[in-house]
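First comes the structure, then the notes that go with it.
The values are calculated or read from the model by the stated rules, or taken from the named source; none is laboratory data. Bear in mind that the values here come from a model prediction, so they are computed numbers and not experimental data. Don't worry about glycine lacking a Cβ; one is built from the backbone with ideal geometry, like all the others, and counts go over all protein chains shown.
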Amino acid sequence: MNPTAIYTYADANGNPLRRKTRFGNGPGKFFSWQTYDPATGYWISGASNANTALYHLDLIAKTRRPLVLVVESEKSADALTDAAQPFDLIAVTSGGAKTWARHHSDQLRTHACRQVYAFADHDQPGQDFVFDVAACNLSIGISTKIIPLPLFVKGEDIYNFLERGGTVEQILNRAQRIPWLKATDIPSRNREQLKSSPPTDWKYDVRLSGVYREILHLPPNATGECMTTCVFHPDSRPSLSVNLSKGLFHCFACGVQGGTSTFYMRWAKTRGRMVLKSEAARKLRARYIDNRREIEL
Ligand SMILES: [Zn+2]
């Protein structure tokens, strides 16, 4: 099958980091990730840290505009950035619903952004996405507006709006009449998400990798990155990549990914136990950093 699009993620200097290839269009579409290896110049299958950098981070670093547009997909980010060229505006995304985190807002701020217009896809994940963006932005002082679009069919997005002849001028006119969001406008579900994300100055403590060693039965001398069978789907060959030095995991087969707290929270769920992310973080610290072994996994 031939790719229908390739989206390259770059660092602030424009050096390639990862790319996402889309195959097919519409409901049957799927994506695959590759990581750039600067040592060899080759693209390697998979991306263990797919959602670390904003799509178009290099463009906002170059233009340093105080106003940035945020959308849900790379396809929309490309289309809107093209359309917004006369206004010298850039559209970014974290790569999809449920992927926006505090570090994305930090990246905006680092590159001079102080105001964001966010655009929701016409569905519940789209609504959740823009409020995640708003919650993280507000927590570090980036003013944010959610700009409603005339979208009619479930799943439509700003790409469809532009395709139908909608213009950036219309969007900017509309935006002038929309108030900036206040913290009290953020729905409680998105506030919870905000609280559970690590603060900006959060540093991974390598001792927390104990949770991977114990649950995945890794050899005691395991270090760095290792592959093992996934505990979140029936896995006959090793699909789960664990980076012990960074504390991150990613399954190339079922797509689950995150840090130690997410890993523990998801693992507990497979055992029928519901654990909040903040609770997971507390338990892991007690067990692996404070050595309070009486706290069970
Ligand atoms: Zn898996």
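A few notes on this one:
- Within the range 28-64, the residues that satisfy the criterion of being of a type in the set (Ser, Thr, Tyr) and at pLDDT below 90 are Ser48, Thr52.
- Taking (1) in the same structural domain as Phe131 (by TED's automatic domain parsing); (2) outside any loop (DSSP other than H, G, I, E, B) in turn, Glu72 satisfies each apart from (2).
- From the list Leu138, Leu108, Leu151, the lone residue that is part of a loop (DSSP other than H, G, I, E, B) and either in contact with a Gly (Cβ under 8 Å, 6 or more places away or on another chain) or buried (at least 20 other Cβ atoms within 10 Å of the Cβ) (or both) is Leu151.
Each row is one residue, and each column tells you yes or no for (1) surrounded by fewer than 18 Cβ atoms within 10 Å (Cβ to Cβ); (2) not β-branched (Val, Ile, Thr).
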| residue | (1), (2) |
| --- | --- |
| Ile6 | yes, no |
| Phe31 | yes, yes |
| Ala39 | yes, yes |
| Trp43 | yes, yes |
| His56 | no, yes |
| Arg64 | yes, yes |
| Ala79 | no, yes |
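- Any hit, the range 228-241, residues being out of contact with any Lys or Arg (no Cβ under 9 Å at 6 or more places or on another chain), surrounded by 12 or more Cβ atoms within 10 Å (Cβ to Cβ) and touching a residue at least 40 places away in the same chain (Cβ under 8 Å): yes
- Check on Asn173, without any contact (Cβ under 8 Å) to a residue 24 or more places away in the chain, in the same structural domain as Phe87 (by TED's automatic domain parsing) and within 22 Å of Cys113 (Cβ to Cβ): yes
- Checked against the criterion of being of a type outside the set (Lys, Arg) and either within 15 Å of Leu216 (Cα to Cα) or in contact with a Pro (Cβ under 9 Å, 6 or more places away or on another chain) (or both), the candidates Leu276, Leu240 yield just one match: Leu240.
- Residues satisfying the stated conditions in the range 176-194, i.e. in contact (Cβ under 8 Å) with a residue 24 or more places away in the chain and under 20 Å from the mean Cα position of the chain (by Cα): Ile186, Pro187, Arg189, Asn190, Arg191, Gln193, Leu194
- Residues being assigned to a helix (DSSP H, G or I) and in the same structural domain as Ala5 (by TED's automatic domain parsing) - total across the range 17-69: 3
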